[in-house]
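The values are calculated or read from the model by the stated rules, or taken from the named source; none is laboratory data. In this text the structure is predicted, and so the values were computed from the model without any measurement. Cβ atoms come from the backbone with ideal geometry, glycine included; neighbour counts cover every protein chain shown. Ligands, DNA and RNA are excluded from the accessible area calculation, which covers all protein heavy atoms including side chains. Shrake-Rupley method; radii C 1.70, N 1.55, O 1.52, S 1.80 Å.
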Amino acid sequence: MQAQPQILTLQEVSEYLRVHRSTIYRLLSLKKIPGFRIGSDWRFSIDEIDQWRREEEQAATRARHEPKP
């Protein structure tokens, strides 16, 4: 049997990423962070958040190393 992915609340994901809850809401409104709604509440898969974070880190690293025009 496969383990189900851990699901976080908005408060938990803000603590996990060490950002304010309003930052999470802003990222959600810009569709820049993976999340889904259950009724009026937001939920986040920790696996998807970790993947998103890795992709964001890689993009930031690439941007720092690209030559400036």
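Just the number, please: carbon plus sulfur as a percent of the accessible area of the chain, 1.4 Å probe, no ligands or DNA/RNA counted. List each step's numbers first, then the result.
On the way: 2840 of 5750 Å².
Solvent-exposed carbon and sulfur of the chain make up 49 percent of the total.
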Quiz item: What accessible surface, in Å², does a 1.4 Å probe find on Ser29, ignoring ligands, DNA and RNA and rounding to the nearest 10?
Solution: 90 Å²
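Helix-derived [θ] at 222 nm for the chain: sum -39500 (n - 2.57) over DSSP H runs of at least 4, divide by residue count, nearest 500?
Here the helix-only value at 222 nm equals -17000 deg cm²/dmol.
Once the Cβ-Cβ distance between Ala59 and Ser22 is put in as r, and R0 is 25 Å, what FRET efficiency do you end up with, to the nearest 0.05?
That gives a FRET efficiency of 0.65.
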